């Protein structure tokens, strides 16, 4: 697998074009869905094993720990795929084995985890209030998180691609997304909405055919790993390239001193 497989991912560095981001996300998925899906599925399998061990060893405390682990692990998967896509795009002969990809991602795992927890805090208070019966206030706080969230969507890509610290990644993401927050929100909303509908349909079909919620959850998890996570990672790398990579100088222009 060479960098040429992602050679069409570059988008306009002057801003986000939602159409181009969708086009490049789709074309990138067609080219790489098996490989990216395998990486994401490997993360999901490891997380499921650890989740089972946590619940078996710690009971109810393990359940809460497993929920936190699942949330953080979803960011691990996205970060791993974003880093992989960037390497495929930039390197002529990148390492593509599962072991090599996990080894390359490992130095960033703590910062990605911290970024995941901070991003989750945008929504956690609202979810907790809604669960405790304060639906109106909870929904308001969730809405605030939805509005603010797009400003920080590049935090994980900045950590795994540029090696930024967590604070710098959030600051740089806010600066990069400035002026494009609505477009970024639209891209992520459409992808999340469409994949969510398909995942729910799969669950419904599985339950109606087999009367097994366990199978439905497995199918939904596989769909998220093979479809949703790669699509989100491809969209993020396209947005990142649009907002962070400098424009190429005009042909014949003198190099900067």
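Quick note: the coordinates plus some simple rules give every number you see, no bench work behind them. Everything numeric here is computed off the predicted structure, so don't read it as measured data. Note that each Cβ is placed from the backbone with ideal geometry, even for glycine, and that neighbours are counted across all protein chains shown.
Given R0 = 22 Å, the distance between the Cβ atoms of residue 137 and residue 189 translates into a calculated FRET efficiency of 0.45. Rounded if a/c is under 1.5, else prolate if a/b is larger than b/c, else oblate: which is the range 202-248, with a ≥ b ≥ c the root eigenvalues of its Cα gyration tensor? Prolate shape, in that a/c is at least 1.5 and a/b is the bigger ratio. Pull out a ≥ b ≥ c, the square roots of the eigenvalues of the alpha-carbon gyration tensor of the range 135-184, then state rounded if a/c is under 1.5, prolate if not and a/b is larger than b/c, and oblate in the remaining case. Cα axes put the range 135-184 in the prolate bin. Taking every C-alpha pair closer than 8 Å and separated by at least 6 residues, the mean separation divided by the residue count of the range 42-196 gives a relative contact order of 18 percent.
Among 241, 175, 83, which one shows the highest mean-square fluctuation when the chain is modelled as a Gaussian network with alpha-carbon springs under 10 Å? Checking each option, the largest mean-square fluctuation is seen for 175. Please list, by residue number, everything in the range 206-223 whose backbone N is under 20 Å from a paramagnetic label point 7 Å out along Cα→Cβ of residue 56. Answer for the range 206-223: 214-215, 218.
Computed from Cα atoms, the angle from the helix 109-120 axis to the main principal axis of the chain rounds to 70 degrees. Specify the angular offset, from 0 to 90 degrees and rounded to the nearest 10, of the alpha carbon long axis of helix 181-210 from the longest principal axis of the alpha carbons in the chain. Tilt relative to the chain: about 40 degrees. Here semi-axes √(5λ) of the Cα gyration tensor in Å was computed from the coordinates, and among (1) 28, 19, 17; (2) 34, 22, 18; (3) 31, 22, 19 the match is (3). If the chain between residue 20 and residue 34 were fully stretched, how many nm would it gain, using 0.36 nm times the residue separation less the Cα-Cα distance? Full extension of this stretch gives 2.8 nm more. Taking the chain as the reference, fit the longest principal axis to its C-alpha atoms, fit the long axis of helix 18-58 to the helix C-alpha atoms, and give the angle between the two in degrees, 0 to 90, nearest 10. Helix 18-58 sits at roughly 40 degrees to that axis.
Separation of the range 192-241 from the range 22-47 is 12 Å, based on Cα centroids. Among 24-32, 228-236, 188-196, sorting by the average number of other beta carbon atoms lying within 10 angstrom of each residue, highest first, gives 228-236, 24-32, 188-196. Residues considered: 91, 211, 23. Largest GNM mean-square fluctuation over the chain, using C-alpha springs under 10 Å, is found at 211.
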